[in-house]
Amino acid sequence: MFMSISTTGSAESPATDLGFLLHKHPGKVQRFTTSHGEAHVFYPRAEDEACTAALLLDIDPIALVRKGRGDGRGRGGSPDFALSQYVNDRPYAASSLLAVALRTVFRSAMKGACPARPELPGLVRPLRIELPAVPANGAGEGGGPAMVARLFEPLGWRVEATAVPLDEAFPEWGESRYVRVVLASESVRLADALQQLYVLLPVLDGAKHYWVAPDEVDKLLAAGEGWLAAHPERALITRRYLARRWSLTRAAMERLELARLAEADDREVEEIDNAVDDRPEEEGQGAAGPVPDGPDGRQEPRPPSLAEQRRAAILAALRDGGAARVADLGCGQGELIGELMKDARFTEILGVDVSARALQAAKRRLHLERLPERLAARVTLVQGALTYTDARLKGYDAAVLCEVIEHLDLPRLPALEYAVFGAARPRTVVVTTPNVEYNVRWESLPAGRTRHADHRFEWSRAEFGAWAGKVAAAYGYTVELRPVGPEDPELGPPTQLALFRTATDTATTTDTHAVTAPATTTDPATTTTPEGGETR
């Protein structure tokens, strides 16, 4: 099993700097023991103008058999023929075994560490990587040279992939499953190149020759940091790297999607995966408090919390609109979805949230895995960001944004407006948000503070009405503003609700309470707001 890494240079930047990057001296031949055999590193050429480092992995077939993964097909089970455990391609083809050797021999280089010359890892220099024989198994997923190109070209490599014939003397026999691969680039750092090979060699082979444990997800995400989340073939890569173990693949894909969304928003993952709140359901404010005794000394029934009143108001608005297929956008831990499931008129429910942790909490809360199949089939939970158009949101009768918009930075609010009202365009949209005027009634809320540390703004009734009217006019909706919770004669309700309906839908309804909010010159995007917390 053989691989070479070459670079070019000059007297000012000698190619032999490759030795510093790989932590292997060009004047020596070094040997390393791996779990499957011995690895040798040597330099066929080491000059200022050009330098080549070679890795030769000498596989021990007996060691493979002892580890139970040497049947020649990368998995356990009966061999194809009596000697297949001992006579196979593993000593010659660059597979997951070479990836393991890369991690063993070039561990520091893969981390981008170079104490002797700390400036070198960050520099980009010409690279040429040659692999004489790489198994590129398709298994219905389009293998061969085409798969090599699909995997490496999006990463900035020029790919030369040539199928190896079964026998050059007998071309009529066709091509083998092996590909000669040459990768060239002037834009990929060496550390990134090694990380990419560590992931993609097992992917090309379509098999791993050791047990795929749950910690393989962490290894994949660590090696794929900075490139895998945005790779167009990330689903294929994840599935094949994790040996098609679906539970691990699903967990990895959720974390990759979260990383992709965080990178797109230029934020840390922790900033957007914060939708699971350990505090009580009602933002830590406005809890019912002690229940007073009745005239006969018995305790009165607990009045509904504001969160319960809010969900009841949303359900009433959805029923007014005759919605059957509902998308809960920013569903959090699934409280509203649980209420929707109790009403048989809501035949299809989609829950969307950017937080993978929130979706896992929703699954547990809703007991989807234990529900009868017919009932569980009504609910679908997906990960997604509401500031991007998403084809999965189209076709629903109604969409709900329950306490969601205030978690966005104001400059990003127009993106959400277009994604929901412009692209998805349900007949009905229900939006709820806090009324900042009511905050003075919360005795436990310090003056000038928002109700939740993650709120980027909280609007007054005039500001919310202005925003709702502007959105309705821009996207062809009418809007009705409704109070939620006990209404203060001076400050209004604690929560404000906007019920949007498409203009054509409003024209056919007999609901005499629906009105179009007048547009005003007040632009909520210019409102000075208290500092909030992190974006959900």
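Calculate the spin-label point distance for Arg365 paired with Ala474, positioning each point 7 Å from the Cα along the beta-carbon direction, and give it in nanometres. About 2.9 nm, to one decimal.
With contacts taken as Cα pairs under 8 Å and at least 6 residues apart, segment 307-421 reaches a relative contact order of 31 percent. Solvent-accessible area of segment 414-485 (1.4 angstrom probe, protein heavy atoms only): carbon and sulfur portion equals 55 percent. For segment 312-374, the normalised intensity computed at q = 0.21, 0.24 Å⁻¹ comes to -0.85, -1.06 (log10 of I(q)/I(0), Debye sum over alpha carbons, equal scatterers, no solvent).
Express the relative contact order of segment 1-55 as a whole percentage, based on alpha carbon pairs under 8 Å and six or more residues apart in sequence.
In percent, rounded to a whole number, it is 45.
Rounded to 0.05, the FRET efficiency of the Ala146 and Ala230 pair, given R0 = 22 Å and the Cβ-Cβ distance, is 0.60. When Rg and the Kirkwood radius Rh are both evaluated on Cα atoms of segment 372-516, their ratio Rg/Rh stands at 1.00. Please compare each pair in Lys342/Lys470; Lys219/Lys394; Lys363/Lys394; Lys342/Lys363; Lys111/Lys363 to a cut-off of 26 Å on the Cα-Cα distance and tell me which ones are over it. Pairs exceeding the cut-off: Lys342/Lys470; Lys219/Lys394; Lys111/Lys363. Between segment 440-485 and segment 105-134, the alpha-carbon centres lie 53 Å apart.
The values are calculated or read from the model by the stated rules, or taken from the named source; none is laboratory data. Quick caveat, the model's predicted, so the values are computed rather than measured. Please note: Cβ atoms are built from the backbone with ideal geometry, for glycine as well, and neighbour counts cover all protein chains shown. For the accessible areas, the whole protein counts, side chains as well, though only heavy atoms, and no ligand, DNA or RNA atoms are used. Shrake-Rupley method; radii C 1.70, N 1.55, O 1.52, S 1.80 Å.
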